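Here is the structure we will look at.
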Amino acid sequence: MSATTPTFVIEFALRVNDQQNRSLTQKFEFGRMLYNATLGTALGRLQRMRESEQWRQVCAMPKGKERNKRFSELQKSCGLTENGLRTIANNHRKASGRNDIGAHEAQCIGRTVWRALERYIFKNAGKPRFKSFTRGLNSIEGTDNHEIMYKPERQVIVWRKQVFQLIDVDTPYRKEALTDLNDKTGFKRIKYCRIVRRTIKGRKRWYAQICLQGYPPVRKVYAPQSEVVGIDPGPSQIAYFHERYAAVVKVAPNVDLQEKVVRCLQRKIDRARRANNPGNYNVDGTIKKGKLKWEISHRMQKLSAELAEHHRCLAATRERDHGTLANLLLQMGGTIKIEKNSYLSYQRNFGKSTTRSGMVSFVAHLKRSAERAGAKVLELNAYDLKLSQYDPVTDAYRKKPLKERWHRWGGSETLVQRDVMSAFLACYVTENGHNRALLLEKWPTAEALLSGSGLCRQEPRNDQGEPNSLRLTKPESESKTARVRGLPRTLCARSEVWTEKTKVIPSERASCRSK
């Protein structure tokens with residue numbers, strides 16, 4: 001079946017007994033050894049290919065189609081292709097004499113190795129690593145519904161003559177997803193099944209993922225592509241603008257990093273590691289060079305499991321918030337225009353905010369959801385459009401420092417929140433760039449919308465021709481200074497709150513204290 005056919009996944013928890021748990025653990029351990037054996041063979045072939053005389057001759061050729069063709073032929077002759085690694089993995093399985101997993105699962109393991117090796121060959125990623133015993137392999141899948149089989153009439157998964165019962169099959173969404181299901185013909189078809197292992201609260205849990213051909217059941221009513229939404233992403237929040245909606249919202253509002261808890265756990269783990277392995281450290285406390293043997297106590301294992309569980313919960317919460325926000329945007333508009341930024345720069349300059357929000361993951365989630373919903377996401381060139389600098393009234397660009405959070409509309413008394421202004425410009429961007437006439441036509445409606453949500457306000461200019469105060473500090477609930485002074489002016493826009501920076505003269509401060 002073509003890999004371009006649409007696919008969606010339904011996940012079920014598995015009910016396993018002790019015998020089945022041991023059997024699954026043994027199968028996954030054999031899959032890990034098969035992965036390492038395939039990767040070792042592939043890396044050896046890659047090294048010999050790069051050391052060969054033919055490789056040096058091809059490297060000396062001028063760049064062009066002929067050179068790329070020769071590289072491809074040399075790579076195929078060494079068996080460094082997806083089909084080649086599938087064959088290698090299956091041959092390792094046959095040579096082992098074990099029947100823990102079948103040929104289909106071994107071929108999928110070879111495909112996984114190829115995906116990691118391909119990025120390394122073409123310099124898109126580092127050298128792939130072998131999977132250790134402690135980390136292991138976390139999923140095994142088949143190429144079709146013949147090895148890891150789903151039996152809809154019995155609601156079970158059958159793998160190598162072992163039957164695993166599914167849990168919570170009768171939920172409304174899963175019932176609707178599994179209707180009209182037929183393995184050979186029908187509207188939906190089972191493409192393949194996957195067994196997944198996860199560690200939750202220090203215990204191993206087993207899940208089955210059924211990959212079906214087609215599109216998942218519709219939970220939300222998505223907007224058509226004629227409805228356009230402009231988005232301006234930031235390190236931790238986004239601003240969106242639609243003809244009827246506008247707001248600045250956090251990408252993952254329910255994620256709490258709990259830096260203090262993580263820091264305490266890391267310190268406990270480090271103290272346990274040093275107490276169990278005093279010979280692996282120098283006098284100054286640094287780790288000795290070379291190959292070392294590390295002893296891990298039960299207490300250290302519990303602490304590591306607690307830290308891993310904390311990060312797992314954060315990742316799950318972040319993914320849930322991403323899905324909620326993506327569905328909200330897709331219900332507003334079927335065409336989403338988003339500014340294309342360097343998210344690597346976000347990670348370097350705004351580490352904590354980017355970790356909390358996961359902006360890269362959100363954009364990727366939005367693209368996947370849009371493709372599934374029949375919508376489209378258009379990425380705009382930030383260097384050409386300069387959304388945060390353009391003013392439609394003056395048709396000019398002005399650079400603003402990052403602390404300046406408000407844009408003055410054409411030198412008038414109207415102040416617009418900077419991120420929402422960029423989203424407004426992105427919403428009406430055309431193929432030729434900014435359409436000044438269209439922006440001026442749409443502005444009166446947008447001004448009324450933004451004024452009602454606190455994202456647009458009126459403030460006269462000062463004598464120097466500049467705004468009195470365009471820099472906004474933390475909200476009253478988060479700012480100690482604002483609580484002490486008691487004179488902040490808050491600007492609310494749905495889930496976001498800004499507080500204007502105010503100055504209090506000594507006489508006013510004294511009067512406040514007397515009251």
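Summary of computed values
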{"read-out": "Count of the range 174-187 residues which are out of contact with any Lys or Arg (no Cβ under 7 Å at 6 or more places or on another chain), modelled with pLDDT of 65 or more and of a type outside the set (A, V, I, L, M)", "value": "4"}
{"read-out": "Pairs with Cβ under 9 Å, 6+ apart, first in the range 134-161 and at pLDDT below 90, second open to solvent by 50 Å² or more (accessible area, probe 1.4 Å) and of a type in the set (Lys, Arg)", "value": "ASN145/ARG189; GLU147/ARG160"}
{"read-out": "Filtered residue count, the range 119-141, keeping only those that are charged (D, E, K, R) and more than 25 Å from CYS193 (Cβ to Cβ)", "value": "4"}
{"read-out": "Filtered residues of the range 36-80 (kept if at pLDDT below 95 and hydroxyl-bearing (Ser, Thr, Tyr))", "value": "SER52, SER72, SER77"}
{"read-out": "Filtered residues of the range 335-368 (kept if surrounded by fewer than 19 Cβ atoms within 10 Å (Cβ to Cβ) and in contact with a Ser or Thr (Cβ under 6 Å, 6 or more places away or on another chain))", "value": "GLN347, SER353"}
{"read-out": "The range 354-369 residues that are free of Cβ contacts under 8 Å to residues at least 40 places away in the same chain, paired with ones that are open to solvent by 40 Å² or more (accessible area, probe 1.4 Å) and of a type outside the set (Phe, Trp, Tyr) (beta carbon under 9 Å, 6 or more apart)", "value": "VAL360/LEU344; VAL360/GLN347"}
{"read-out": "Failed condition for GLU243, given (1) exposed (fewer than 14 other Cβ atoms within 10 Å of the Cβ); (2) more than 24 Å from the chain's Cα centre (by Cα)", "value": "(1)"}
{"read-out": "Odd one out for LEU34 among (1) touching a residue at least 24 places away in the same chain (Cβ under 8 Å); (2) more than 28 Å from VAL158 (Cβ to Cβ)", "value": "(2)"}
{"read-out": "Residue under evaluation ALA95, criteria (1) under 30 Å from ARG50 (Cα atoms); (2) open to solvent by less than 60 Å² (accessible area, probe 1.4 Å); (3) more than 28 Å from the chain's Cα centre (by Cα); (4) of a type in the set (A, V, I, L, M), criterion not met", "value": "(2)"}
{"read-out": "Among residues of the range 255-283, those that are free of Cβ contacts under 8 Å to residues at least 24 places away in the same chain, part of a helix (DSSP H, G or I), open to solvent by 80 Å² or more (accessible area, probe 1.4 Å) and of a type outside the set (Lys, Arg), counted", "value": "1"}
{"read-out": "Residue ID - farthest from ARG299 (Cα to Cα), chosen from residues in the range 193-219 that are surrounded by fewer than 20 Cβ atoms within 10 Å (Cβ to Cβ) and among the aliphatic types (A, V, I, L, M)", "value": "VAL218"}
{"read-out": "Top-ranked residue of the range 433-460 - restricted to ones that are touching a residue at least 60 places away in the same chain (Cβ under 8 Å) and farther than 13 Å from GLU243 by Cβ, ranked as most open to solvent (accessible area, probe 1.4 Å)", "value": "SER453"}
{"read-out": "Hits in the range 4-35 - residues which are open to solvent by less than 70 Å² (accessible area, probe 1.4 Å), more than 25 Å from PHE133 (Cα to Cα) and in a loop (DSSP other than H, G, I, E, B)", "value": "THR5, PRO6"}
{"read-out": "Spans of helices (runs of 4 or more DSSP H) in the range 319-424 with at least 2 residues under 21 Å from the mean Cα position of the chain (by Cα)", "value": "343-349, 351-357, 359-372"}
{"read-out": "Looking only at the range 356-380, and only at residues there that are of a type in the set (A, V, I, L, M) and in contact with a Leu (Cβ under 9 Å, 6 or more places away or on another chain), the one that is modelled with the lowest pLDDT", "value": "ALA373"}
{"read-out": "Selection within the range 369-421 - of a type in the set (Val, Ile, Thr) and open to solvent by 20 Å² or more (accessible area, probe 1.4 Å)", "value": "VAL377, VAL393, THR394"}
{"read-out": "Failed item in (1) modelled with pLDDT of 95 or more; (2) among the basic types (Lys, Arg); (3) closer than 24 Å to ARG372 by Cα, with ARG197 passing the rest", "value": "(3)"}
{"read-out": "Close pairs (6 angstrom Cβ cut-off, 6 or more residues apart or separate chains): under 29 Å from GLU227 (Cα atoms) in the range 309-331, among the hydrophobic types (A, V, I, L, M, F, W, C) and assigned to a helix (DSSP H, G or I) anywhere", "value": "HIS322/PHE362; ALA326/LEU366"}
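Residue-by-condition table, conditions (1) assigned to a strand (DSSP E or B); (2) open to solvent by 50 Å² or more (accessible area, probe 1.4 Å):
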position: VAL221; (1), (2): no, yes
position: VAL249; (1), (2): yes, no
position: GLY285; (1), (2): no, no
position: GLY290; (1), (2): no, yes
position: GLN301; (1), (2): no, yes
position: HIS311; (1), (2): no, yes
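The values are calculated or read from the model by the stated rules, or taken from the named source; none is laboratory data. These numbers were taken from a predicted model, which means no experiment stands behind them. Counting neighbours? That spans all protein chains shown, and the Cβs are built from the backbone with ideal geometry, glycine included. Only protein heavy atoms, including side chains, enter the accessible area calculation; ligands, DNA and RNA are left aside. Shrake-Rupley method; radii C 1.70, N 1.55, O 1.52, S 1.80 Å.
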